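Shown next, in structure tokens, is the structure this report addresses.
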Amino acid sequence: MSDINKPFIRGEVVINSMRDNGYKNTAYAIAEIIDNSIQANADLVELLIFSEYQKSEIRTTDTVFELAVFDNGMGMSPETLYLALEFGASENKNDPNGIGKFGMGLPNSSISQCTHVDVWSWQEGGNPNYTYLDINEMMKGQLEKIPYPTESAVPKYIIDAMGGQRPTSGTVVLWRDLDRVRWKTPKSIYMHVENVIGRMYRHQISDEKVVVKYKSIQKKNDK
């Protein structure tokens, strides 16, 4: 029987289905990350949008190539960070104080917009721990397990965008290879995200329980 080793479920099909699942658009996917930050007791959350000028025959456009969300919440231990990248493992839907109630989690929201997500998280008095997911590596079978977090510094260009220093505790989520982000310029992303975030978190913002900021940074993609 020639098909005896045919897989029951093809990984590429499953991954693409997961990427299509759960989010209306980029703003709602970002809201999932911000919701995680607020549930981690952050009172400051900032959306960092990295862009560079790209020239075409017609015009030059300020094009976004990376998105990051950082917060000053309580951060995650290596074990918690490891679990946070498990697909479908979000506990937001079980939290009576949760806002988004998406129940999809950090990895699901991230891969709905990009092929690579980096996460750094640190707790008070500790160094940042880092892990990542990469869709292309997963599809090729090069990444079959979530990499267990290891100590790794937050890149300097992100620290600079954060104001030159990282909070005592917190988390940074960085989206790279943005193949599914709907809007391509910092201005358009800001306009759409501001609308969703302002509506969803209006009570927390008006009660001054959390400050949500936005920053656009032009940067050469020289990594």
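The values are calculated or read from the model by the stated rules, or taken from the named source; none is laboratory data. As the structure is a computational prediction, the values presented were derived from the model and not from experiment. Using ideal geometry, Cβ is built from the backbone for each residue, glycine included, and neighbour counts are taken over all protein chains shown. Ligands, DNA and RNA are excluded from the accessible area calculation, which covers all protein heavy atoms including side chains. Shrake-Rupley method; radii C 1.70, N 1.55, O 1.52, S 1.80 Å.
So, in segment 161-179, exactly how many residues are at negative phi and without any contact (Cβ under 8 Å) to a residue 40 or more places away in the chain?
Summing the residues that are at negative phi and without any contact (Cβ under 8 Å) to a residue 40 or more places away in the chain in segment 161-179 gives 1.
Could you name every one of the helices (runs of 4 or more DSSP H) located completely within segment 123-223 that has at least 3 residues being in contact with a strand residue (DSSP E or B) (Cβ under 9 Å, 6 or more places away or on another chain)?
Where helices (runs of 4 or more DSSP H) fall fully within segment 123-223 and carry at least 3 residues being in contact with a strand residue (DSSP E or B) (Cβ under 9 Å, 6 or more places away or on another chain), they are 135-139, 156-161, 186-200.
Quick one: which residue in 184, 209, 213 is open to solvent by 60 Å² or more (accessible area, probe 1.4 Å), within 18 Å of the chain's Cα centre (by Cα), within 29 Å of residue 81 (Cβ to Cβ) and touching a residue at least 12 places away in the same chain (Cβ under 8 Å)?
Unique residue meeting the criteria: 213.
Can you name the residue in segment 188-199 that is open to solvent by 40 Å² or more (accessible area, probe 1.4 Å) and either touching a residue at least 60 places away in the same chain (Cβ under 8 Å) or polar (S, T, N, Q) (or both) and is also nearest to residue 71 (Cα to Cα) among such residues?
The extreme case among them is 190.
Which number in (1) out of contact with any Ser or Thr (no Cβ under 7 Å at 6 or more places or on another chain); (2) open to solvent by 30 Å² or more (accessible area, probe 1.4 Å); (3) under 22 Å from residue 48 (Cβ atoms); (4) of a type in the set (Ser, Thr, Tyr) marks the one condition that residue 150 misses?
With (1) out of contact with any Ser or Thr (no Cβ under 7 Å at 6 or more places or on another chain); (2) open to solvent by 30 Å² or more (accessible area, probe 1.4 Å); (3) under 22 Å from residue 48 (Cβ atoms); (4) of a type in the set (Ser, Thr, Tyr) applied to residue 150, the lone miss is (3).
Out of all the residues in segment 161-180, is one or more surrounded by fewer than 17 Cβ atoms within 10 Å (Cβ to Cβ) and among the hydrophobic types (A, V, I, L, M, F, W, C)?
Within segment 161-180, none of the residues are surrounded by fewer than 17 Cβ atoms within 10 Å (Cβ to Cβ) and among the hydrophobic types (A, V, I, L, M, F, W, C).
Is it the case that residue 8 is on the phi < 0 side of the Ramachandran plot, surrounded by fewer than 22 Cβ atoms within 10 Å (Cβ to Cβ) and at pLDDT below 95?
Yes: the conditions hold for residue 8.
Give just the number: which of (1) exposed (fewer than 15 other Cβ atoms within 10 Å of the Cβ); (2) more than 18 Å from the chain's Cα centre (by Cα) does residue 41 not satisfy?
(2)
Determine if segment 114-122 includes at least one residue that is at pLDDT 95 or above and open to solvent by 80 Å² or more (accessible area, probe 1.4 Å).
no
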